[in-house]
Amino acid sequence: MKKKFPEFKADAEAEAFVDTADLSEYDFSDMVPMRFELRRKDKSISLRLPERLLDEVRAAAELSNVPYQRFIRMAIERALREAKSPRFRSPR
């Protein structure tokens, strides 16, 4: 039986563990994939939304366990990917 993966209180603890542990001994079945944003955000915008819509965005972001501004960025990225898809292009 594989070992349960430990929980860490700080990044340094996790880094030290990964540097020394044999990860093949651990059970990763409960792990949840995470998305990291590594690109620098160098532009800022101001967006006015109805309060109710912003409340819904914040609630959806909380359910997704992401900050609401990241949730908005992800929604914009998803919409752009779909808009580029041939099935969403309107015939000319």
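A few notes on this one:
- Under Karplus coefficients 6.51, -1.76 and 1.60, residue-wise ³J(HN,Hα) of segment 62-71 in Hz, glycine/proline x: 5, 5, 8, 6, 10, x, 5, 5, 5, 4
- Residue-level accessible surface for E37, protein heavy atoms, 1.4 Å, Å²: 50 Å²
- Rolled with a 1.4 Å probe across the full set of protein chains, the surface gives I45 an accessible area near 140 Å².
- Across the chain, C-alpha contacts under 8 Å between residues 6 or more apart give a mean separation that, scaled by the residue count, equals a relative contact order of 17 percent.
- Its alpha carbons considered, segment 1-82 gives a radius of gyration followed by a Dmax of 18.2, 54 Å.
- For segment 1-46, the solvent-accessible area of protein heavy atoms averages 105 Å² per residue (probe radius 1.4 Å; ligands and nucleic acids excluded).
- Ranking K9, K2 by solvent-accessible area of protein heavy atoms (1.4 Å probe, all protein chains present), from largest to smallest, gives K9, K2.
- Solvent accessible area, Å² - F36, 1.4 Å probe, full protein context: 150 Å²
- Computed over the chain with a Gaussian network model linking Cα atoms closer than 10 Å, the most mobile of A12, A60, A75 is A12.
- In order along segment 14-24, the Karplus-derived 3J(HN,Hα) couplings, from 6.51 cos²θ - 1.76 cosθ + 1.60 at θ = phi - 60°, round to 5, 4, 5, 5, 5, 5, 10, 7, 8, 5, 5 Hz, and Gly and Pro are given as x.
The values are calculated or read from the model by the stated rules, or taken from the named source; none is laboratory data. Please read all numbers here as calculations on a predicted model, not as lab measurements. These area figures cover heavy atoms from the full protein model, side chains too; ligands, DNA and RNA do not enter into them. Shrake-Rupley method; radii C 1.70, N 1.55, O 1.52, S 1.80 Å.
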